[in-house]
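The values are calculated or read from the model by the stated rules, or taken from the named source; none is laboratory data. Owing to the predicted nature of the structure, the values given are computational and were not obtained by experimental measurement. Note that we place each Cβ from the backbone using ideal geometry, even for glycine, and neighbour counts take in every protein chain shown. When the accessible area is computed, the model is the full protein with side chains, heavy atoms only, and any ligands, DNA or RNA have been set aside. Shrake-Rupley method; radii C 1.70, N 1.55, O 1.52, S 1.80 Å.
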Amino acid sequence: LALLAAPVLAQTGPLPEGGVADYQLGGGYPPPSGVTIVVRDSTDTPEPGYFNICYVNGFQTQPGDTWPKDLLVRGADGEPLVDEGWPDEFLLDTSTEAARRANLERLAPALEACAKKGFSAVEFDNLDSYTRSGGRLEMEDALAFAKLLVGAARALGLPAGQKNSAEFGTRGRDEVGFAF
């Protein structure tokens, strides 16, 4: 699913200044003319000669992944809570330090794969999942988990970014450590 090629305003940080991004989440293809940044799923490979961002579904399950139910947010019926916009993705439980650490451990192989394949950076999607949790998760839960994800990415030499939740303002950069 190629979303679109759009200009990226990057005056500082690791992104190429004035770069144009192409989201290629449904499978890689040759980038259109003018594109300098390619975003691909962690299961894909980077495009040689471009700034490549590895997309990781950091706050919800990847479609088709099996996940321990005790690490997912539960709905009123006790079943894992699905994101209505993405019916094959379940919300990760980030409400406690133990749940955050366990979910980070489950996501670590995807981050390691991003680094091993040679991606330039990583983007964690769905930081805003807490807004779709029916009050079961809070903004602070998301920020605490984001900080763990960013730390894990940095340990692998990958700057981390986030496209969701502009309402955090500078907190994402200053408190969490997002580079873009």
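Using a 7 Å offset from Cα along Cα-Cβ at D70, what residues in region 91-117 end up with backbone N under 11 Å from the label point? Answer for region 91-117: 99. Backbone amide hydrogens, once placed in the peptide plane, bring T43 within less than 5 Å of nothing, excluding anything fewer than 5 places away on its chain. Surface composition of the chain: carbon plus sulfur atoms hold 55% of the accessible area, using a 1.4 angstrom probe and ignoring ligands, DNA and RNA. In the context of the full set of protein chains, residues of region 10-156 present 46 Å² of accessible surface per residue (probe radius 1.4 Å, heavy atoms only).
Of the residues D77, D41, D93, the one that moves most in a GNM of the chain with alpha-carbon contacts below 10 Å is D77.
Work out the length of the dipole vector of region 46-163 about its Cα centre, built from +1 on the beta-carbon of each Lys and Arg and -1 on the beta-carbon of each Asp and Glu, and round it to the nearest 20 debye.
My answer is approximately 480 debye.
Take each peptide in 131-140, 106-115, 25-34, 146-155, count the other Cβ atoms within 10 Å of every residue, and average; sorted highest first, the result is 146-155, 106-115, 131-140, 25-34.
Derived scalar couplings between HN and Hα for region 159-172 equal x, 10, x, 8, 9, 8, 6, 4, 5, 6, x, 7, 4, x Hz in order, rounded to whole Hz, by the Karplus curve 6.51 cos²θ - 1.76 cosθ + 1.60 (θ = phi - 60°), x for Gly and Pro. Converting phi to 3J(HN,Hα) with the Karplus coefficients 6.51, -1.76 and 1.60 and the offset θ = phi - 60°, region 67-83 yields 9, x, 4, 6, 9, 10, 5, 9, x, 4, 7, x, 8, x, 7, 8, 7 Hz in sequence order, with x at every glycine or proline.
Between Q60, P32, A142, the Cα set farthest toward the positive side of the dipole of region 21-180 (charges on each charged residue's Cβ, about the Cα centre) is that of P32. Rounded to the nearest whole Hz, the Karplus-based 3J(HN,Hα) values (6.51 cos²θ - 1.76 cosθ + 1.60, θ = phi - 60°) of region 94-99 follow the sequence 10, 7, 10, 4, 4, 5, with x at glycine and proline. The distance linking region 66-140 with region 12-46 is 23 Å (Cα centroid to Cα centroid, whole angstrom). Partners of K147 within straight-line reach, counting lysines whose Cα lies under 20 Å from its Cα and excluding those fewer than 8 residues away in the same chain: K163. Taking label points 7 Å from Cα along the Cα-to-Cβ direction, A98 and E112 give a separation of 2.5 nm.
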